[in-house]
Amino acid sequence: MRKARWLVVGVVVALALSACGAGSGEPSAVVRSTEPAADDGGGSTAPGEGSGGQMEPADPQVDEPITPMDDVTVMGSAGGPNSADDVMLAAGLAVQEFWGRTFPDVYGEEFEELSGGFWTYGPDTPPEDLPPCPGITSYEDIAVNAFYCPDADLVAWDREGLVAPFIDEFGEFGAAIIMAHEFGHVVQGRTGDFETLPGVISELQADCFAGSWIADVVDGGSEDFEADVDELDLAVAGQIEIRDAPGSDPNDPSAHGSGFDRVSSLSDGVFDGASTCADYAATPPEVTQVPFTADDAATGGDLGAEELLGLLVPDLDAFYAGLFTEAGEEWDPVDELVLFDPGTDDVSCGDTTLTPDEAEFAIFYCAPEDTVEADGTMLLPALEDIGDFALGSEVARQWAFSAQVQQGITENTRETSLHADCMTGLYAGDLYFQEGPRERQLSLSAGDLDEAIISFLAFSGRGEDAASPFERSDAFRTGFAGTVDDCQAILEGG
């Protein structure tokens, strides 16, 4: 994030929210208590949900794809039980079958299957055995990659440099999504869009097409794959892993999109289907990826926690004051943001006192005191490690809970949680688009939206009614690109 002057949006609100704990026996005034998912070093984040208000690392069980392969050859494959090549071939056949069913409905023509087949390669592949695509002379030309080659009409992948590590990190379904993305380019080859779409739009459309296949799998359309919320969370984590570096130029011919843009396009496909993805050619999605300014490059686009919070708190109050005014109501500013040390401070809300263990990594809106309270010794550094807007979005979410309470909504439900994520996205959109008369204290910098998504993966609740990181990410992007009414629809279960 960066300091700025600005302005903005006044839209109508029908805000709402919870001041309840996430599990039985927790104080009704406490909204969120979390424990981080396992640290992977920052860039790649394992998804997690927590139970009873505590956040724990997820351990998703991924179904192994099983597909008869007797009549199909993967050129260059060493084969073997559950090999990376087996997974990719199973995915390739499944996605190709999906497009055989889907392409006629979307484009009004029959789908032409790959004529050049599937190719695999690795560091030891001789040059003469590499995929026969123009310009490829050595493994280094295509290392750690998967690609569609339109000249040879083939799909190829690096089994050792890309697919095997991806399976280790994100499961076999995560690797299958790589194939689904490449088949998005196959579709573009059939429609003529592969050569005409700008690079980043081509990649985002391929992500969207991959999402449409994921939705088909979730709906039971595949004989060889199954997917549930765990796999969808892995899909989000995978998109973050293969995003462009924050601050890179979206106009670079090799650009694939920011994590936020890639997750958003994947969600378009999952929720709206392949026809929506096809529309990208005529109506491209918003590309939020922007290069770093000189100042951002020096700081990584991040403000320190103290400076950020000093600007964020009054800016959030001003944002909600504008929304409430548009709704004909008056916003009551949050009384205080309190940072505590779980090891030395008594942490309480109303009649409830948290134990030191409960207070670790906690952040919550306390309705009786009208305060937002956060662990300043463990949670803040963990969020700062992700980036300043990971911290900013988590704090902004608590302001959404305060707004809900001021509207008389005190239940702690899946809908109120997702509504808070949506309103946080609305605030992020306000900072990004900077429209309207509001004088802002902050603006977004490159990578900030990715940081919000990564924080969902690192910190999410686990429990029967808890929203998954995938669902939270979708609610956030709904607010980012939408209006208060769109968030209200989530609150009402729409």
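The values are calculated or read from the model by the stated rules, or taken from the named source; none is laboratory data. A quick note: this is a predicted structure, and the numbers were derived from the prediction, not measured. Positions of Cβ are backbone-derived with ideal geometry, glycine not excepted, and every protein chain shown enters the neighbour counts.
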Restricting segment 408-444 to residues that are in contact with a Phe, Trp or Tyr (Cβ under 7 Å, 6 or more places away or on another chain) and of a type in the set (Gly, Ala, Ser), which is modelled with the lowest pLDDT? 443
Within segment 230-285, the count of residues that are under 19 Å from residue 449 (Cα atoms), modelled with pLDDT under 90 and assigned to a loop (DSSP other than H, G, I, E, B) comes to 14
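Take segment 412-457 and flag every residue that is at positive phi and of a type outside the set (Gly, Ala, Ser).
The first filter runs over segment 412-457 and keeps only residues at positive phi, leaving 434, 436, 447.
Once the filter is applied, which keeps residues that are at positive phi and of a type outside the set (Gly, Ala, Ser), segment 412-457 yields only 434.
Condition check: closer than 18 Å to residue 327 by Cα, polar (S, T, N, Q), more than 15 Å from the chain's Cα centre (by Cα) and not in a loop (DSSP other than H, G, I, E, B). Does residue 398 satisfy that? Give the steps one after another, and end with the answer.
On the way: closer than 18 Å to residue 327 by Cα: no; polar (S, T, N, Q): yes; more than 15 Å from the chain's Cα centre (by Cα): yes; not in a loop (DSSP other than H, G, I, E, B): yes.
So residue 398 does not fit the description; no.
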Quick check on my filter: what residues within segment 205-229 are aromatic (Phe, Trp, Tyr) and not in a helix (DSSP H, G or I)? 225
When residue 468 is run through (1) in contact with a helix residue (DSSP H, G or I) (Cβ under 8 Å, 6 or more places away or on another chain); (2) more than 26 Å from residue 238 (Cβ to Cβ); (3) at pLDDT below 90; (4) polar (S, T, N, Q), the failure sits at (2)
Quick one: in segment 158-215, of everything that is without any contact (Cβ under 8 Å) to a residue 24 or more places away in the chain and small (Gly, Ala, Ser), which residue is nearest to residue 286 (Cα to Cα)? 202
Qualifying position, being in contact with a Pro (Cβ under 8 Å, 6 or more places away or on another chain) and free of Cβ contacts under 8 Å to residues at least 40 places away in the same chain, among 133, 149: 149
Tell me the residue from 450, 485 that is buried (at least 24 other Cβ atoms within 10 Å of the Cβ) and not polar (S, T, N, Q), please. 450
Flag for residue 407 being more than 25 Å from residue 360 (Cα to Cα) and of a type in the set (S, T, N, Q): yes
Screening 451, 411, 415 for residues that are among the charged types (D, E, K, R) and either part of a loop (DSSP other than H, G, I, E, B) or more than 19 Å from the chain's Cα centre (by Cα) (or both) leaves only 411
